[in-house]
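Let me begin by presenting the structure, written as structure tokens, before commenting on it.
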Amino acid sequence: MNKPDVREVLKERILVLDGAMGSLIQTYNLTEEDFRGEKFKDHPHSLKGNNDLVGISRPDVLKEIHCLYLEAGADILETNTFSGTTIAQADYHLEHAVYDINYYSAKIAKEAADEYTAKNPAKPRYVAGSIGPTNRTASMSPDVNDPGYRAVTFDQLVVAYSEQVKALIEGGVDILLVETIFDTLNAKAAMVAISDVQEELGTNLPVMISGTITDASGRTLSGQTAEAFLASVSHMDLLSVGFNCALGADLMRPYLEVLSNNTSFGVSAHPNAGLPNEMGEYDETPSDMQKQIIGFLDRGLVNIIGGCCGTTPAHIKAIADAAAKYKPRKKINLQLETV
């Protein structure tokens, strides 16, 4: 479907990203048989909880969730592929299914986005291929007794990300989103994979980069400040750089200010609905979150805004209603030195 390049739309208005996927999938109370479907019915290992399979085994559920977010006002859907690498899928012994996981999730999101674009061409909808951090880190040892040990190498990450990126592109995504970055070395491997695959396929999809500040220290898990994180990823021409997850909107704001003041790229944010309570649940209401997001908007900090863990279509509607009243952040003419 023909629609404007998202890079041009971003100059005109704030774009709204969708919200959490996993918690909504949980509301469907899917069984082991639901996750298996026909394709994996004879798989020798348990698959319940492997949410990335829903695009294959229960595509009706996945499309319904996408449509809920589109109805709420989302401009950008994320594919259900956060753990869609051979590295992450190894936990379920499903390395062989990675291409299909990414391809079909992208295809379903694309179908939903195209349907809503056709309904209202003045509000085109886009699909961002979600590329998660994997469950391994290239910068740190998982063994306190062997600090030099690494559970994964940079080259292994590039190979794994390349498989995912190729499937997402061939499935029809409009954007590639490297998100929830706790280790920038992992993200750099994803960026290498994106460059290599795009060159191979002859594509030029825009790229979003979104890191995670893990706690009040103001640093990523691998120890970078917001300034260092920005410098580390600014060698690539990006659609946006931002932060997601870990923190609620109120705690995320100072780190967004760092990005906004120091980059000529767009700035994105999709915070959690507050911090998890003792039960691991998120208590921040759509109204609460909207008030905090308005703080971003009043300060002109963002070009893309959405929600992460604990957010629902109701949260995204509240965010979209607020964002519609504001102009997008004006990009500044600055390029940091790369490191």
To the nearest 20 Debye, how big is the dipole of region 181-281 about its Cα centre, given +1 on the beta carbon of each Lys and Arg and -1 on that of each Asp and Glu?
160
What would the Debye equation give as log₁₀ I(q)/I(0) for the chain at q = 0.07 Å⁻¹, counting only Cα atoms as equal point scatterers?
-0.26
Looking at the chain as a GNM with Cα springs under 10 Å, which of Ile305, Ile65, Ile294 has the largest mean-square fluctuation?
Ile294
Determine the alpha carbon to alpha carbon distance for each of Lys123/Lys317; Lys63/Lys166; Lys119/Lys330; Lys123/Lys291; Lys11/Lys327; Lys3/Lys123 and list only those over 19 Å.
Lys63/Lys166; Lys119/Lys330; Lys123/Lys291
Calculated P(r) of region 237-304 - Cα pairs past 14 Å, %:
56
Extension gain, Asp91 back to Glu12 (0.36 nm per residue minus Cα-Cα distance, nm)
24.2 nm
Under the Karplus relation with 6.51, -1.76 and 1.60 and θ = phi - 60°, whole-Hz ³J(HN,Hα) for region 187-192, x at Gly and Pro, equal 5, 5, 5, 5, 5, 4
Restricting to bridges with both residues inside the chain, how much of the DSSP beta-bridge set is antiparallel, in percent to the nearest 5?
5
Diffing region 155-160: the Karplus 3J(HN,Hα) column from phi (6.51, -1.76, 1.60, θ = phi - 60°), in whole Hz with x for Gly and Pro, holds 5, 5, 5, 4, 4, 5
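Given N residues in region 101-250, what is Rg(Cα) / (2.2 N^0.38 Å)? Don't jump to the answer; show the numbers that get you there.
Working: Rg = 16.5 Å, N = 150, 2.2 N^0.38 = 14.8 Å.
Against the empirical 2.2 N^0.38 Å value, I get 1.12 for region 101-250.
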Relative to the Cα centre, what is the charge dipole magnitude of region 6-323, using +1 at the beta carbon of each Lys and Arg, -1 at the beta carbon of each Asp and Glu, and rounding to the nearest 20 debye?
500
Would you tally the net charge around Tyr99, using a Cβ to Cβ cut-off of less than 13 Å, leaving Tyr99 out, and scoring K and R as +1, D and E as -1?
-2
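Each reported figure results from applying straightforward, stated rules to the coordinates on display, with no laboratory input. Quick caveat: nothing in here was measured; it's all calculated off a predicted structure. Don't worry about glycine lacking a Cβ; one is built from the backbone with ideal geometry, like all the others, and counts go over all protein chains shown.
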